[in-house]
Amino acid sequence: MEILELNTFLEGKLQDLSVQSGLGVDQLTFLFCQFIAYPLAIIYSYLPNQPILKHIYGLVIGVWFAWISMKWQILHSFLSSLVVFLLVRLLHPKTSPKVVYLWSMGYLSASHIYRMYTDYMGYTLDFTGPQMLLTLKLTTFAFDYSDGQLPEDKLKPYAKLMSFKKLPNLLEFFGYVYFFPGFLAGPAFNYKEYSDFTDGSLFKKAPGGKMPSAFFPFAKTFGIALICSIFVGLNMKYSLYYCRTDEFYTHDFIYRFFYVWLAGSLSRFPYYFAWKLSEASSILSGIGFSGVDAQGNPKWERANNAHILPLELAQNFKSITDSWNIRTDKWLKHYIYERVSFSPVAMTFLNSALWHGFYPGYYYSFMTASFIIQVARVIRRSFRPWVLEADGETPKPTKKIYDFVSVLVTSFTLNYIMTPFVLLGLEYGWRLWSSVYFVGHLGALAIYITGTYIIRPPRVPKKTS
């Protein structure tokens, strides 16, 4: 009864704050959960080394976060997870991953369709966000257990790290599902990581075999989140949603061109902000620990979901995919790209689009990105050798100009192709691209044709022994 009264009191306060601040109750609830997670994560880090106690504590807090954020919609995460638990237990390990994938992606797809029907192009934070993260957890859970039943010499390096042989019980499984530092905003850890964390083996390479101090890594990450919040404010002022209005198209080409560039860059900062807030609680709990460097210093990269500067200053799209939504990228790479036999690049981007939902803007963006990846390979093969010496490694003086141009072109291309992803609707992305004369598509096509059929890279002399 006291818990219900506490929740009612909290809801009332958040409603009042929503009126005063202009932010939605859903957004304020998310922020409340992120900030209250910090002291709760500190308590978690001081719990006795008893896995059962840690499972219970993390599960209770995670369920509470889910309840105050989405009320009875919590049933979606519970039911979809329970079915996966039963499927993996009842089916043969060779079969279960495919069935779990179809079930989890099917459930997520139905959730996206329901969301489109009830809140078309809306941005209320509901159960679909955590369900997306849960889809990563459930599918990797099934694949990792299946991999664990195979001889190690049959596994790729990443599969060796994440595979496990013994299935968890219900408490362990749901402790993993609802682990509170990552439930609402990620990252989606693999079960092996969570299991090693709760039994303490995650810290076996740490000094003294114990969790190192997390204060400075936490302070750094939280400081980055605060800096990102400034850009979130700028994103509210210079939003891509302006591109949905008729007024935007009264401006000339130069304005539209540079507005898309600026607003596209700013549109990523709400994600950076949310991810860094969540990463900070993962660090405080200890699961953010990722081993030690060559000097024996602790590293805290496990919960890092974005390398901000490497992404914003990227010279190519590989750097972007390596730096953005890192945990989802690992899922796409190790559980989609490496496991499909037909057109892996296109299938990976298609899965990424399906994972996000069914708005046409997603498919505009991801299918274009699939082509851009091919163009990037042509650039590296046909253009980059011209700014390197004959050994193919030493840069010429012109390499600095090449690098500078690469940053500018990559930045614009990223914002250009991902704008429909934010605008969502069929007409909005097409109207925007046509208003800038499909400059990104035509430029990429010209580079592809030139690099494939016209320019040939300089010949590198063969090395003699």
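Quick notes on this structure:
- For SER282, the stated conditions hold: it is crowded, with 16+ Cβ neighbours inside 10 Å, on the phi < 0 side of the Ramachandran plot, modelled with pLDDT of 95 or more and in contact with a Gly (Cβ under 6 Å, 6 or more places away or on another chain).
- Going through (1) part of a helix (DSSP H, G or I); (2) within 19 Å of the chain's Cα centre (by Cα); (3) of a type outside the set (A, V, I, L, M) one by one, PHE371 falls short only on (2).
- Of note, SER111 satisfies the criterion of being over 20 Å from PHE173 (Cα atoms) and surrounded by 20 or more Cβ atoms within 10 Å (Cβ to Cβ).
- Qualifying residue in region 3-13 (condition: crowded, with 19+ Cβ neighbours inside 10 Å and farther than 30 Å from ASP147 by Cβ): no
- Assessment of region 204-226 against the conditions (modelled with pLDDT of 95 or more, charged (D, E, K, R) and assigned by TED's automatic domain parsing to the domain that holds LYS276) yields at least one matching residue.
- Qualifying positions in region 370-401 - in contact with a Ser or Thr (Cβ under 9 Å, 6 or more places away or on another chain) and farther than 30 Å from LEU350 by Cβ: TRP386, VAL387, LEU388
- Tabulated pairs, region 352-371, first within 14 Å of MET132 (Cβ to Cβ), second outside any loop (DSSP other than H, G, I, E, B) and of a type in the set (Phe, Trp, Tyr), C-beta under 6 angstrom, 6+ apart or interchain: SER352/PHE366; ALA353/TYR362; ALA353/TYR363; ALA353/PHE366; HIS356/TYR362; TYR362/PHE421
- For ALA274: the one exception among (1) closer than 25 Å to PRO51 by Cβ; (2) under 23 Å from the mean Cα position of the chain (by Cα); (3) among the small types (Gly, Ala, Ser): (1)
- Selected residue (only one of PHE358, PHE317 is hydrophobic (A, V, I, L, M, F, W, C) and surrounded by 19 or more Cβ atoms within 10 Å (Cβ to Cβ)): PHE317
- Restricting attention to region 134-145, the residues that are touching a Pro at 6+ places or on another chain (Cβ under 8 Å) and not small (Gly, Ala, Ser) total 3.
- Enumerated helices (runs of 4 or more DSSP H) restricted to region 376-465, each holding at least 1 residues that are touching a strand residue (DSSP E or B) at 6+ places or on another chain (Cβ under 8 Å), charged (D, E, K, R) and surrounded by 15 or more Cβ atoms within 10 Å (Cβ to Cβ): 399-423
The values are calculated or read from the model by the stated rules, or taken from the named source; none is laboratory data. Being a predicted model, the structure only gives us computed values, none of them experimental. Neighbour counts are summed over all protein chains in view; Cβ atoms, including those assigned to glycine, are modelled from backbone coordinates with ideal geometry.
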